[in-house]
Amino acid sequence: MNRGLMNRRDFSALLPMLMAAPALAPLAKAQAGPQTAATPASLPKLKSGQFVPGEASGNQRPVRTSHRFLVGMVPDNIRLESHFTELAPGAPPEPIEHHKHTEMWFIHEGTATLMTSGTTRTLKAGDMGLCVAGDDHYISNASKTERASYFVVSVGPPE
């Protein structure tokens, strides 16, 4: 078994949350308040298909390199974004953040430290971490000698 890939059992555990997302959109929209720069009109409407990673982003290379697959709107005013991030050994943690969207991290290689709402967890290749909308969080490479990489999916209202 390759622990770096998600199996059917892991994916099926995510389905209830993904299926519930459209039902939560009206509540999320009400909580979101006034729209900011990333309004639904400014994001592309996503269509089914294949997506390949884009150019590396961020000025923190080579400590943290991200490749975006997609960002846009799916039906019911839900924003969907995904990217793949690689962290160099000993890379500092990102700042503590919280968002209006929910984030999922699928660890591809190495070991990551994920803090959510003050609780720190160690995730290894094949594990998934989840941070629900509104919770404080950060993720970092837990190793000083090996790189870590993960795939991120975020789902929620327009930011």
Matching residues in the range 70-101 - criterion: being of a type in the set (D, E, K, R) and either in contact with a Pro (Cβ under 9 Å, 6 or more places away or on another chain) or more than 20 Å from H137 (Cα to Cα) (or both)
D76, R79, E86, K100
Test result for T65, touching a residue at least 24 places away in the same chain (Cβ under 8 Å) and either under 14 Å from the mean Cα position of the chain (by Cα) or outside any loop (DSSP other than H, G, I, E, B) (or both):
no
Are any residues in the range 98-117 closer than 18 Å to V155 by Cα and part of a loop (DSSP other than H, G, I, E, B), and if so, which ones?
H98, H99, K100, H101
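For a quick check of your reading: which strands (runs of 3 or more DSSP E) sit entirely within the range 118-159 and have at least 2 residues that are surrounded by 18 or more Cβ atoms within 10 Å (Cβ to Cβ) and in contact (Cβ under 8 Å) with a residue 12 or more places away in the chain?
Correct list: 128-131, 137-141, 148-156.
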Quick one: H67 ticks every box in (1) in contact with a Lys or Arg (Cβ under 8 Å, 6 or more places away or on another chain); (2) more than 18 Å from H137 (Cβ to Cβ) except a single one, so which number is it?
(1)
Is it the case that E97 is surrounded by fewer than 17 Cβ atoms within 10 Å (Cβ to Cβ), within 26 Å of F51 (Cβ to Cβ) and not aromatic (F, W, Y)?
yes
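Bear in mind these aren't lab numbers, they're just calculated from the coordinates by the rules spelled out. Model, not experiment: these values are computed from the prediction. Methodologically, a virtual Cβ is constructed for each residue, glycine included, from the backbone with ideal geometry; neighbour enumeration extends over all protein chains shown.
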